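As structure tokens, the structure follows; a few thoughts come after it.
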Amino acid sequence: MKESIWLLTFEYAGIAKAGGLGEVPANQAKSLVDHFDFTVFIPSHGQISRLKLNKDITKLSLICKGFFNPEDVGLDFRSGEYEISYYQMQLDGVNFILISGENEFTSSFLGDNIVYNPDTFNGKLALFSIGIRYYMSQIIKKSPERLPKLLHLHDYHSVIPSICMKQVLFKNKIYIPSIITIHLLTWPRHSIEFIKACGVNSSPIEIFLKEGYKSLTIEEIFRLCEKSEEVKLKRISKPSLEMIGAVISDLVISVSENYLKNEVIPNLGGDLIEFKSDFVWNGCDWDYEKMYNGVVEDLGDEISEFYGEGSNLNFSREALREYLLTYKIGNLNESPLINSKKVLNTINEISNGNPFIKNGRIRAFKESGPLALTTGRISKQKGFDLILESIPKIIEVIPNAKFLFLLLPNEYNIEEIKTYAEYVKKFPNNIRIIFGVAKDIFNLAHISADVYCAISRWEPFGIIALEAMASKLPVIATKVGGLQESVIDVRKYPENGTGILIEKDNTFQLINALISIFKMQKISSKQPLKNHYTDLDNYIESIPDHKIVEILKSNPYIYEKLQSNCIDRVENNFRWNIVSQKLRILYESLTE
């Protein structure tokens, strides 16, 4: 019989997600579902009606009722009676309990389809926690055999709900170990009063410390955390929810060794958690052949029509790139998905008179050219501004260079959206930005581009780099977090390199790296060189990175080697079924 594990998360691919976090619990559970019986607890995020269209969903005969004042968690809402309902379903062999709003007041929080809407999030967190507490109490009362062997928390959003669970368990003299995965530190700090407004009381829970197990109240846990170096040295008034989650858990996991040692342990308690910390890499199951064949199947007729009869089209990367840049980005089948009216209003405002940036159809380029791709949610973390700042210097050397940004905006990034738009207006021959989930061209862009930019200022892991490499796309990445563990610098390791690693916030290195890879690709593609270069040796000497120059002198077609290395790197090290085996071992160590 498989051991039962409960997952607490605010994101799960196929249910609701705002970024890469949702991919991790989904793929880990999918990889290990033959070994463990998973149940995922997640807010409904307004997805019940959508899920009912394709899934068998059962409404449980539980209703949690009470009174909630949103002002207690910092929201400007009137207080009201909450009614929390529970829905059960399965997806890929994994069980789900969706915590939902039964009345309008509760649905305004739990049913908000924007996962982290700043206007409702604290209410969503509070009611999710209260709902979790009630569910646990009912399970113990009616079906204690259904209790799990292990709790797995994902990021800080699960910390308060887990404390609610642990308090109910402690009251009933039951101990269940827990793991927390820290995907990204965001430093949420709340008072004890806030936490209590989310359903936590002053009863103790059992926690695992270096000296053994102790029973501590939330007040005592706060005092313990306040003694840590992170709080004392930074003179912070209160510990983060992430620190509290790490301290109360039996095992603390992060997604890369670098992030664990340099960020998680030092900032979440040091000695309080170092003895019970480990890391489990994220993974990627993208398959280049499936992506390529899918693009040809979905768009092949349109591509053939674009090139015309008798064009002897072979659907090469260069041909796909030209089609993408000079036609398809201007002829999307549907507008990319954005749920936020506030974001859409901003995009519509800046799109007025600017045909090069909008949610939906934009003006295609007049010509093709070497293409750098970048994707992801808008955040200072991701360093998109550094790419934009580097473009003027790059196009001095490569005038026809193209930069395609496929970005996910949210309510926190209104000013960044406006700033990015100004760059597009200034360089309409080189930059295009599409906001939202552009399903039409997402895979096409990955198999058409020449280089991918993953230049985050901090990055716990960076699944985007794996996705790029799985698409045979060399990566320029910063030497931060997990990026420096997944991307191999070709300058140090020419035989198995997958890209170039640069220092964070270093536009000089980014410019040189982009120019170098663009020129590497041109040599490899055997395109005619510019007239003022008389031979290949002179063209190679024009590359700004001297280590790349030396490599190209030995192997002018190293770019092709980079592409094959990228595929091999993911296939041999980062498939989900490979990386999840370590998690399986950690699960078993706590459930045996």
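The values are calculated or read from the model by the stated rules, or taken from the named source; none is laboratory data. From a predicted model like this one, the values you see are computed outputs, not experimental measurements. Reconstructed Cβ throughout: ideal geometry from the backbone, glycine too, with neighbour counts over all protein chains shown.
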> Within the set of pairs 6 or more residues apart or between chains, which connect a residue that is in contact (Cβ under 8 Å) with a residue 60 or more places away in the chain inside the range 269-285 to a residue that is surrounded by fewer than 16 Cβ atoms within 10 Å (Cβ to Cβ) with Cβ atoms less than 6 Å apart?
Replying inline: 275/210; 280/582
> Which is modelled with pLDDT of 95 or more, in contact with a strand residue (DSSP E or B) (Cβ under 9 Å, 6 or more places away or on another chain), in a helix (DSSP H, G or I) and not assigned by TED's automatic domain parsing to the domain that holds residue 508, of 391, 347?
Replying inline: 391
> If you scan the range 361-385, which residues turn out to be buried (at least 22 other Cβ atoms within 10 Å of the Cβ) and part of a helix (DSSP H, G or I)?
Replying inline: 382, 384
> Within the range 545-561, is there a residue that is in contact with a helix residue (DSSP H, G or I) (Cβ under 6 Å, 6 or more places away or on another chain), touching a residue at least 60 places away in the same chain (Cβ under 8 Å) and among the charged types (D, E, K, R)?
Replying inline: no
> Looking at the range 192-216, which of its residues are outside any helix (DSSP H, G or I) and closer than 16 Å to residue 245 by Cβ?
Replying inline: 198, 199, 200, 205, 206, 207, 208, 209, 216
>> Looking only at the range 386-397, filter to residues that are farther than 30 Å from residue 185 by Cβ and crowded, with 17+ Cβ neighbours inside 10 Å; which one of those is farthest from the chain's Cα centre (by Cα)?
In response: 395
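Any residue at all in the range 459-471 that's among the β-branched types (Val, Ile, Thr), in a strand (DSSP E or B) and crowded, with 24+ Cβ neighbours inside 10 Å? Write out each step before concluding.
Of the range 459-471, the ones among the β-branched types (Val, Ile, Thr) are 463-464.
Now restrict to residues that are in a strand (DSSP E or B): none.
No, the range 459-471 contains no residue that is among the β-branched types (Val, Ile, Thr), in a strand (DSSP E or B) and crowded, with 24+ Cβ neighbours inside 10 Å.
Looking at residue 307, is it among the aromatic types (Phe, Trp, Tyr) and without any contact (Cβ under 8 Å) to a residue 24 or more places away in the chain?
Working: among the aromatic types (Phe, Trp, Tyr): yes; without any contact (Cβ under 8 Å) to a residue 24 or more places away in the chain: yes.
Judged against the criteria, residue 307 is a match.
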> Which members of the range 152-164 meet the condition of being more than 20 Å from residue 118 (Cβ to Cβ), touching a residue at least 60 places away in the same chain (Cβ under 8 Å) and either assigned to a helix (DSSP H, G or I) or out of contact with any strand residue (DSSP E or B) (no Cβ under 6 Å at 6 or more places or on another chain) (or both)?
Replying inline: 162, 163
>> For residue 309, only one of the following conditions fails: (1) over 20 Å from residue 525 (Cβ atoms); (2) surrounded by 15 or more Cβ atoms within 10 Å (Cβ to Cβ); (3) modelled with pLDDT under 90. What is its number?
In response: (2)
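Output the residues belonging to the range 171-191 that are part of a loop (DSSP other than H, G, I, E, B) and among the hydroxyl-bearing types (Ser, Thr, Tyr). Quick ask: steps written out before the conclusion?
Residues of the range 171-191 part of a loop (DSSP other than H, G, I, E, B): 172-177, 183-188, 190-191.
Within the range 171-191, 175, 186, 191 qualify.
Just to check your reading of the model, which residue among 119, 76 is within 29 Å of the chain's Cα centre (by Cα), surrounded by fewer than 16 Cβ atoms within 10 Å (Cβ to Cβ), assigned to a loop (DSSP other than H, G, I, E, B) and acidic (Asp, Glu)?
Details: 76 fails: within 29 Å of the chain's Cα centre (by Cα).
Of the residues listed, the single one that is within 29 Å of the chain's Cα centre (by Cα), surrounded by fewer than 16 Cβ atoms within 10 Å (Cβ to Cβ), assigned to a loop (DSSP other than H, G, I, E, B) and acidic (Asp, Glu) is 119.
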> For the range 484-529, how many residues meet the condition of being closer than 14 Å to residue 386 by Cβ and crowded, with 24+ Cβ neighbours inside 10 Å?
Replying inline: 3
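What about residue 399, is it over 22 Å from residue 326 (Cα atoms) and of a type outside the set (Val, Ile, Thr)?
No, not satisfied.
Has the range 44-53 got at least one residue that is in contact with a helix residue (DSSP H, G or I) (Cβ under 8 Å, 6 or more places away or on another chain), surrounded by 14 or more Cβ atoms within 10 Å (Cβ to Cβ) and on the phi > 0 side of the Ramachandran plot? Give the derivation first.
From the range 44-53, those in contact with a helix residue (DSSP H, G or I) (Cβ under 8 Å, 6 or more places away or on another chain) are 44-46; that's our starting set.
Still in the list and also surrounded by 14 or more Cβ atoms within 10 Å (Cβ to Cβ): 44-46.
Then drop every residue that is not on the phi > 0 side of the Ramachandran plot, which leaves 45-46.
Looking through the range 44-53, at least one residue is in contact with a helix residue (DSSP H, G or I) (Cβ under 8 Å, 6 or more places away or on another chain), surrounded by 14 or more Cβ atoms within 10 Å (Cβ to Cβ) and on the phi > 0 side of the Ramachandran plot.
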> Quick one: in the range 167-193, which of the residues that are within 31 Å of the chain's Cα centre (by Cα) and of a type in the set (Val, Ile, Thr) is farthest from residue 269 (Cα to Cα)?
Replying inline: 176
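Name every residue in the range 127-151 that is in contact with a strand residue (DSSP E or B) (Cβ under 7 Å, 6 or more places away or on another chain), more than 18 Å from residue 25 (Cβ to Cβ) and among the aliphatic types (A, V, I, L, M), in order of residue number. It would help to see each step written out before you state the result.
Of all residues in the range 127-151, those in contact with a strand residue (DSSP E or B) (Cβ under 7 Å, 6 or more places away or on another chain) come to 127-128, 130-132, 134-135, 138, 148-151.
Next, only the ones that are more than 18 Å from residue 25 (Cβ to Cβ) stay: 127, 130-131, 134-135, 138.
Passing the criteria: 127, 130.
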